[in-house]
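Please read the structure below before turning to the comments.
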Amino acid sequence: MISAIIRAQPPLDFIPERFNPWVRRFVRVALPGWMRWQTDLVNIKVNNAGVLAKHYAEFQAGHSRLILAFRHPAPEDAYGMAHLLWKAVPQSAVQMGKKLQPVHSHFIYDRGIPLWAGKWVGWLCSHLGGVSIQRGKLDLVALKAARKLLVNGKFPLAAAPEGGNNGHNEIVSPLEPGVPQLAFWCVEDLAKSQRSEPVYIVPLGIQYRYINPPWDAIDELLSQLELYSGLSSTDEKFVPPVELPTAQITNLYGRLYRLAEHLLSLMESYYYQIYGLEQLDTPEAKDANAQLALRLEHLLNGALAVAEKYFNLRPKGSVIDRCRRLEQAGWERIFREDLRNEAALSSVERGLADRIAEEADLRMWHMRLVESFVAVTGRYVLEKPTADRFAETVLLMTDMVTRLQGKTPFPRPSLGKREAQVIVGEPICVSERWDDYKQSRRKAVSALTKDLQTALESLIVDSFEDQNR
């Protein structure tokens, strides 16, 4: 079952970076075994590691500053990044005749991770050189620490400009402007110190594919979800509007669409009846998948509005922006500054504080539901009906069904053995954009964010191949 928060707690303090080389050495040795034990990853491939090896040599010689901007499709991305830095880059450096010092990076991670993963994860991230940040607010302490590391840190700084993982190998979520802004701040701070090192952002793509297309596992998981959702195998299935490669894929897609439509109808009914969500008029001319996408967007906006009304927040910005503000509003009611000295509270005050925290956690449930479906579209599987895309979508539906059952969606069910692919993209020189930044900070950050988005999207590899066998 989900471990609900029923007790107010002291505030979430910043976890400072405390890099320890012995912790890095231990984790480097233990990570391959830990990966085999904890994940279904059996292999990690790296493309263009030599590009990063060259830039690490420049960085370690004091000739540049680096930000590693990596895609964040899954929680397992940390394994790919570790493999890239601790194995692939050093090997490429040796082949190129370059001698590198230990290859590592500082990194930015969500302060909320130790809340669900355990306090030991916060300790580990700190001693590996990580900087914690609260995503839903202007975390000045964290930004100051990251800014300092960018200018004077022993290692480059790694960050995920998408903010959180979106569950999709072939969709890059809209980027947050934090990484580009940090890069410009680094250029600014270097200039103030009369230093001339250029600042680069290196885009890193990360994707996953199943070693063998897990069609049978997808079928079995779909059957479980149908059972949990009250669907009978004899119910009428959706007929795809286009011809699909095989009869098996056609059948699976029909079942997938039917399940999605059924779950969407259940959730619409829930929000209509309980929270007064307005009915959506979908144009008749729209095809079924387009209508499904419109209904999902309407539902997600409605779910966010429920939480925003409770926290007295205006629906401002993108869906991701709204999720971040809701998360921060909830945390402020759960992790409270006035609870640093709990002994000063009476039992009644303590009880009221706990009640506020419990209600905040319940309202944040709506936001968590939306987070899982931010990148979902109505045509993702239909456009390219690979086993990988089927698996991604079925697993997202599993997250929803699991949450609706009052359980935690992690760890997810394994559908088969996978391999990861990390691709190093062409570095973007931020220093060359300094004049643009001085003329208009907002426009320069926006342009860099857009270019970084394009760079990360260009690193997506077509995983279709011949997976329909």
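The values are calculated or read from the model by the stated rules, or taken from the named source; none is laboratory data. Note that the structure is a prediction, hence the values are computed from the model and not measured. Backbone-built Cβ (ideal geometry, glycine too); neighbour counts: all protein chains shown. The protein model used for the area step is the full one, side chains on, heavy atoms only, and it has no ligands, DNA or RNA in it. Shrake-Rupley method; radii C 1.70, N 1.55, O 1.52, S 1.80 Å.
Based on alpha-carbon atoms, the Kirkwood radius and the radius of gyration of region 215-405 give Rg/Rh equal to 1.07. Listed by chain and number, the lysines placed with their C-alpha closer than 29 angstrom to that of Lys407 are Lys119, Lys137, Lys237, Lys309, Lys417; residues fewer than eight positions away on the same chain are left out. Computed from backbone phi with θ = phi - 60° and the Karplus coefficients 6.51, -1.76 and 1.60, the 3J(HN,Hα) list for region 29-36 is 6, 7, 4, x, x, 4, 5, 5 Hz; x is used for glycine and proline.
Backbone amide hydrogens, once placed in the peptide plane, bring Val46 within less than 5 Å of Val422, excluding anything fewer than 5 places away on its chain.
Most simply put, the chain has about 30% antiparallel DSSP beta bridges, counting only bridges with both residues inside it. Under the shape rule built on the C-alpha gyration tensor, where the axes satisfy a ≥ b ≥ c, the chain is oblate, since a/c reaches at least 1.5 while a/b does not exceed b/c. Assuming charge only on the beta carbon of Lys and Arg (+1) and of Asp and Glu (-1), the dipole of the chain about its Cα centre is about 1960 debye to the nearest 20. Give me the net charge for the shell around Trp123: Cβ to Cβ below 13 angstrom, other residues only, Lys and Arg +1, Asp and Glu -1. Net charge around Trp123: +1. The residues of region 215-405 expose on average 49 square angstrom of accessible surface per residue, using a 1.4 Å probe on protein heavy atoms. Per residue, region 98-212 exposes an accessible area of 41 Å² to a 1.4 Å probe, with every protein chain left in place. Neighbours of Phe14, meaning other residues whose beta-carbon lies under 9 angstrom from its beta-carbon, give a summed charge of -1 when Lys and Arg score +1 and Asp and Glu score -1. At a 1.4 Å probe radius, carbon and sulfur cover how many percent of the accessible area of the chain? The computed percentage sits at 53.
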